[in-house]
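The values are calculated or read from the model by the stated rules, or taken from the named source; none is laboratory data. Since this is a predicted model, take the numbers as computed values, not measurements. For accessibility, only protein heavy atoms count, side chains too; no ligands or nucleic acids. Shrake-Rupley method; radii C 1.70, N 1.55, O 1.52, S 1.80 Å.
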Amino acid sequence: MTLLIDDYFQPGWRERAVVCAACEWEGDSRAMVLEPHEDLSEYLCPRCVDIVLVVRHPDLEQVRAAAAAGHPEALEQLALLQEYLAQQRD
């Protein structure tokens, strides 16, 4: 069964070992094949290419909330988003 991560800033999802339902390969996201899309990323089994993990990309409010809580990656993303948004206004 595909594991869905709704909260991108949830600690530990990258290191969490999961089992591929199709071929029983086991590993974490770092060993999977990444398929990025606009709203989410799919992580595929490196053995059979079945979708093992789906991670929803955070929206601006989720990034802001995580940054306000001090999440280091969210702070980096927020800085990039703010720079991008400022350029769009110019």
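For this structure, a couple of remarks:
- The chain - accessible surface per residue (Å², probe 1.4 Å): 67
- In the chain, the DSSP-assigned H stretches of four residues or longer account for a calculated mean residue ellipticity at 222 nm of -9500 deg cm²/dmol, using -39500 (n - 2.57) per stretch and the full residue count as denominator.
- Portion, in percent, of the accessible area of the chain that falls on carbon or sulfur, probe 1.4 Å: 51
- Near the amide H of residue 3, within less than 5 Å, lie the amide hydrogens of 53, 54, all on another chain or at least 5 residues away, with H placed in the peptide plane.
- Principal axis dimensions, the range 6-89 - Cα atoms, whole angstrom, descending: 48, 25, 17
- Relative contact order %, the chain, counting alpha carbon pairs below 8 Å whose residues are six or more apart: 24
- Once the Cα atoms are used to define both axes, helix 72-89 deviates from the longest principal axis of the chain by about 50 degrees.
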